[in-house]
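Beneath this line is the structure, given in structure tokens, with notes to follow.
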Amino acid sequence: MSNILFDEEQQKRLRANHWVKSVTEKSISFTEDFKIYFINEYNLGKLPKQIFKDAGFDINMLGDKRIEQCTARYKRQNKRIEGFHDTRANNSGRRIGKELSIDEENELLKKQNAKLQQELEFLKKMEYLARQAKKLKQ
């Protein structure tokens, strides 16, 4: 978290930007659309500060550390199965004593399946690389 605090005027200015989801004195949340826009621009070779500036943000107000942390977070989120979707809202933790509806159970199984498929692909690649390395040693 950045040490920069937003005063009331800065919060008001930030809320006026359509890329902002919410703002408090200590934090700012950006929309999923902004995160997608950011990654697309980043992949085109734009620098993070320039992307924020082009999106209408005062980069001095945000601060270097916050921009760096957002960049790292968005790159990580871009690799997730869920993408930029905020999973905290739907995370009910352990479901002790709670019956799942068929739709909830189906959604949970789909997510588990996607994760297992991703893990399987990773293991296949690792096995392939191990075989290649063994061939090179011979």
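The values are calculated or read from the model by the stated rules, or taken from the named source; none is laboratory data. Since we're looking at a predicted model, the values are computed, not measured.
Among the candidates 111, 26, 49, which residue alone is more than 25 Å from residue 4 (Cα to Cα) and either basic (Lys, Arg) or at pLDDT 95 or above (or both)? Lay out the reasoning, then the answer.
Details: 26 fails: more than 25 Å from residue 4 (Cα to Cα); 49 fails: more than 25 Å from residue 4 (Cα to Cα).
Answer to the selection: 111.
Just to verify a result, which residue in the stretch 58-82, among those that are among the acidic types (Asp, Glu) and at pLDDT 90 or above, is nearest to residue 20 (Cα to Cα)? Walk me through it before giving the result.
If we filter the stretch 58-82 for residues that are among the acidic types (Asp, Glu), which is where we start, we get 58, 64, 68, 82.
Adding the requirement that they be at pLDDT 90 or above leaves 58, 64, 68.
Values: 58: 13, 64: 18, 68: 17 Å.
Among those residues, the one meeting the criterion is 58.
Would you pick out the residues in the stretch 7-41 that are under 14 Å from the mean Cα position of the chain (by Cα) and among the hydroxyl-bearing types (Ser, Thr, Tyr)?
Hits for the stretch 7-41 are 29, 31, 37.
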